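Q: The structure under discussion is supplied below as structure tokens; questions concerning it will follow.
The values are calculated or read from the model by the stated rules, or taken from the named source; none is laboratory data. What you see is a predicted model; the values in this text were computed from it and never measured. Cβ placement follows ideal geometry from the backbone for every residue including glycine, while neighbour counts extend to all protein chains displayed.
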Amino acid sequence: MGKPTGFKEFARELPGKQSVEERLKHYNEFVEKYADEKLNQQAARCMDCGVPFCHHGCPLGNVIPEFNDAVYNQDWKEAYEILTSTNNFPEFTGRICPAPCETACVLGINQPPITIEEIEKHIIEIAFDKGFVKPKKPNLRSGKKVAVIGSGPAGLAAAAQLNYAGHQVTVFERDDAPGGLLRYGIPDFKLDKWVVDRRIKLLEEEGIVFRCLANVGVNININDVLREFNAIVLAGGSTTPRNLFVPGRELNGVHFAMDFLKQNNKRVAAKDLLANAAIESNILNEEVKATGKNVVVIGGGDTGSDCVGTSNRHGAASVTQFELMPKPAEERNDFMPWPSYPMLLKTTSSHEEGATRQWAVATKEFMGDSDGKLKALKIVDLEWKIVDGRPAQFVEVTGSEREIPCELALLAMGFVHPQHTGFINDLGIGLDERGNVKASEKDYRTNISKVFTAGDMRRGQSLVVWAISEGRECARAVDEFLSNAVTSLLEAKERSVLELER
């Protein structure tokens with residue numbers, strides 16, 4: 001490594017942020033950049049470890065020590081080329097990935113790990129600034145056409161890789177602009193949409209065609225797509241949210257988190273909130289804001305955190321976040337050994353902006369007024385039995401039931417599987433026991449010969465870095481399928497010629 005003793009000399013240090021007071025006034029990104037010296041020092045902390053377990057921690061297999069070395073030596077082009085050899089979209093993962101690579105960092109055994117995610121983001125942004133990022137247009141076209149349904153990270157990765165292989169790719173997106181979860185699931189203060197637009201423009205320059213407001217199974221016939229394309233990649237994500245079936249669920253003021261977040265992203269983009277509702281088929285039919293309300297976010301994950309940050313920017317009267325599970329540990333224990341991904345307490349920038357967090361709490365009832373509007377929640381504390389370091393079973397704590405004021409409840413409890421109505425049911429695509437599209441990890445093919453799937457639609461709700469990995473691997477399988485089809489066709493033609501000559 002560039003500085004083998006760097007990990008002894010420099011401490012882990014993250015970039016600064018705008019003050020809470022300032023960043024609550026807007027929806028832009030607020031994390032600052034490293035000064036050149038700080039970036040050099042953070043890269044220098046990457047030690048000359050014998051086995052870099054960060055490779056194991058990263059689903060993409062990013063070559064992390066090598067790009068850290070290039071950053072330390074300020075060889076930005078080499079750093080960019082190493083990083084993008086495995087990761088199509090480091091500007092996304094560098095902003096919103098939970099960085100499993102860092103939890104597997106060897107230095108993390110007894111020191112704070114390398115700031116891999118931030119270094120990754122700096123590499124790609126410096127590469128854009130220096131003009132290293134240019135369209136990669138294939139030299140030859142195969143003559144094969146591939147449809148990718150869904151333009152989230154898995155769909156975009158599959159489209160990019162298939163385009164590099166020379167196939168003509170068309171991406172179908174039901175929303176009014178490409179990006180999927182990146183555009184309408186992640187708040188702008190975590191991922192500014194100019195970052196998404198910049199990448200989409202680059203993909204278009206490389207030859208990928210995007211068809212928006214094209215909801216396959218609604219206003220686009222899946223059988224027409226089957227006839228027109230040589231292969232199809234299903235990358236629509238896991239979009240059916242987990243519901244909470246307790247009394248009062250129908251009250252006005254109880255909403256799914258992603259509906260709330262998507263609407264706000266449209267609001268920030270100055271778009272009509274209700275436009276194209278019939279086509280997109282996943283739009284709230286009313287405007288929902290947290291302004292002046294007691295907001296309760298039910299669910300302790302990243303989506304819940306995004307609701308906290310958005311509600312604070314709306315000017316909520318109060319924001320409370322509930323989690324059914326007990327409070328996580330703050331440090332690794334015997335049941336979370338290095339280099340496994342530890343389930344530790346996570347305090348996000350949204351939590352820093354203000355929220356009351358409560359663990360081991362269950363919602364018993366949504367309570368409304370005479371007009372059918374939500375006014376309170378009935379909740380109860382839980383006591384968990386821990387088995388092998390994991391919560392295994394709970395009972396309600398006697399006498400803990402109580403009511404709290406709430407005019408807006410946001411359900412952020414994750415997603416159960418992709419939407420089945422539409423092209424999945426129309427084609428009779430096979431599903432696994434969890435309701436995801438069934439396909440093997442070897443070739444990503446469904447029960448229909450030329451239909452493949454990748455990302456959350458196949459593996460279930462997961463991380464952005466897994467989605468990109470799935471998209472890349474699925475593209476490899478599709479390319480092999482198309483290449484074999486070409487070979488089979490040529491062999492058939494050769495046989496025909498030989499038979500005619502006879």
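Q: Which one of LEU39, LEU60 is farther than 23 Å from ILE468 by Cα, among the hydrophobic types (A, V, I, L, M, F, W, C) and modelled with pLDDT of 95 or more?
A: Details: LEU60 fails: farther than 23 Å from ILE468 by Cα.
Exactly one of LEU39, LEU60 is farther than 23 Å from ILE468 by Cα, among the hydrophobic types (A, V, I, L, M, F, W, C) and modelled with pLDDT of 95 or more, namely LEU39.
Q: Condition (residue is over 21 Å from ASN243 (Cα atoms), assigned to a helix (DSSP H, G or I) and modelled with pLDDT of 95 or more) applied to segment 402-423: is it met by at least one residue?
A: Checking segment 402-423: not a single residue is over 21 Å from ASN243 (Cα atoms), assigned to a helix (DSSP H, G or I) and modelled with pLDDT of 95 or more.
Q: Condition first: touching a residue at least 60 places away in the same chain (Cβ under 8 Å), part of a strand (DSSP E or B) and either crowded, with 18+ Cβ neighbours inside 10 Å or hydrophobic (A, V, I, L, M, F, W, C) (or both). Now tell me which residues in segment 349-374 satisfy that.
A: THR363, PHE366, MET367, GLY368, LEU374, listed by residue number.
Q: Of all residues in segment 321-351, which are more than 24 Å from the chain's Cα centre (by Cα) and within 24 Å of GLY185 (Cβ to Cβ)?
A: Those that are more than 24 Å from the chain's Cα centre (by Cα) and within 24 Å of GLY185 (Cβ to Cβ): none in segment 321-351.
Q: Another question, if that's okay. Suppose we keep only residues that are at pLDDT 95 or above and assigned to a loop (DSSP other than H, G, I, E, B) within segment 272-299. Which one would you say is surrounded by the most Cβ atoms within 10 Å (Cβ to Cβ)? Write out each step before concluding.
A: Looking only at segment 272-299, we keep the residues that are at pLDDT 95 or above, and these are 288-299.
Then drop every residue that is not assigned to a loop (DSSP other than H, G, I, E, B), which leaves 288-293, 299.
Details: VAL288: 17, LYS289: 16, ALA290: 25, THR291: 12, GLY292: 11, LYS293: 22, GLY299: 22.
Filtering first and then ranking leaves ALA290.
Q: For segment 1-60, name all the residues that are among the acidic types (Asp, Glu) and under 14 Å from ILE114 (Cα atoms).
A: Going residue by residue through segment 1-60, those that are among the acidic types (Asp, Glu) are 9, 13, 21-22, 29, 32, 36-37, 48.
Scanning segment 1-60 gives GLU9, GLU13, ASP48.
Q: For segment 437-460, which residues satisfy the criterion of being in contact with a Gly (Cβ under 7 Å, 6 or more places away or on another chain) and crowded, with 20+ Cβ neighbours inside 10 Å?
A: Residues of segment 437-460 that are in contact with a Gly (Cβ under 7 Å, 6 or more places away or on another chain), as a first pass: 438, 446-447, 454-457.
THR446, ALA454, GLY455, ASP456, MET457 - these are the residues of segment 437-460 that are in contact with a Gly (Cβ under 7 Å, 6 or more places away or on another chain) and crowded, with 20+ Cβ neighbours inside 10 Å.
Q: Give just the number: which of (1) under 30 Å from VAL20 (Cα atoms); (2) modelled with pLDDT of 95 or more does PRO342 not satisfy?
A: Just one mismatch for PRO342, condition (2).
Q: Go through (1) of a type outside the set (A, V, I, L, M, F, W, C); (2) in contact with an Asp or Glu (Cβ under 7 Å, 6 or more places away or on another chain); (3) not in a loop (DSSP other than H, G, I, E, B) one by one and return the number of the condition GLY248 breaks.
A: Evaluating GLY248 over (1) of a type outside the set (A, V, I, L, M, F, W, C); (2) in contact with an Asp or Glu (Cβ under 7 Å, 6 or more places away or on another chain); (3) not in a loop (DSSP other than H, G, I, E, B) leaves (3) as the failure.
Q: State yes or no: is VAL361 under 30 Å from GLN263 (Cβ atoms) and of a type in the set (Val, Ile, Thr)? Let's see the steps before the verdict.
A: On the way: under 30 Å from GLN263 (Cβ atoms): yes; of a type in the set (Val, Ile, Thr): yes.
In short, yes.
Q: Has segment 444-456 got at least one residue that is part of a helix (DSSP H, G or I) and either under 26 Å from the mean Cα position of the chain (by Cα) or under 27 Å from ILE220 (Cβ atoms) (or both)?
A: If we filter segment 444-456 for residues that are part of a helix (DSSP H, G or I), which is where we start, we get 456.
After this cut, where a residue has to be either under 26 Å from the mean Cα position of the chain (by Cα) or under 27 Å from ILE220 (Cβ atoms) (or both) as well, the list is 456.
Yes; the residues of segment 444-456 include at least one that is part of a helix (DSSP H, G or I) and either under 26 Å from the mean Cα position of the chain (by Cα) or under 27 Å from ILE220 (Cβ atoms) (or both).
Q: Closer than 29 Å to ALA392 by Cα, assigned to a loop (DSSP other than H, G, I, E, B) and either of a type in the set (Asp, Glu) or assigned by TED's automatic domain parsing to the domain that holds VAL464 (or both): is that true of ASP334 in this structure? If you could, list the steps in order and put the result at the bottom.
A: On the way: closer than 29 Å to ALA392 by Cα: yes; assigned to a loop (DSSP other than H, G, I, E, B): yes; either of a type in the set (Asp, Glu) or assigned by TED's automatic domain parsing to the domain that holds VAL464 (or both): yes.
So ASP334 fits the description; yes.
Q: Still on this structure: Which count do you get for residues in segment 459-483 that are under 23 Å from ASN221 (Cα atoms) and free of Cβ contacts under 8 Å to residues at least 40 places away in the same chain?
A: 0
Q: Which numbered condition trips up MET325, out of (1) in contact (Cβ under 8 Å) with a residue 60 or more places away in the chain; (2) under 30 Å from PHE172 (Cα atoms)?
A: Result: MET325 passes all but (2).
Q: Return a yes/no flag: does segment 425-444 have any residue that is modelled with pLDDT of 95 or more, farther than 27 Å from ASN252 by Cα, outside the structural domain of ASN28 (by TED's automatic domain parsing) and among the aromatic types (Phe, Trp, Tyr).
A: yes
Q: Continuing with the same structure: Test of understanding: among LEU182, LEU203, which residue is in contact with a Gly (Cβ under 8 Å, 6 or more places away or on another chain) and part of a helix (DSSP H, G or I)?
A: Details: LEU203 fails: in contact with a Gly (Cβ under 8 Å, 6 or more places away or on another chain).
After ruling out the rest, the residue left standing is LEU182.
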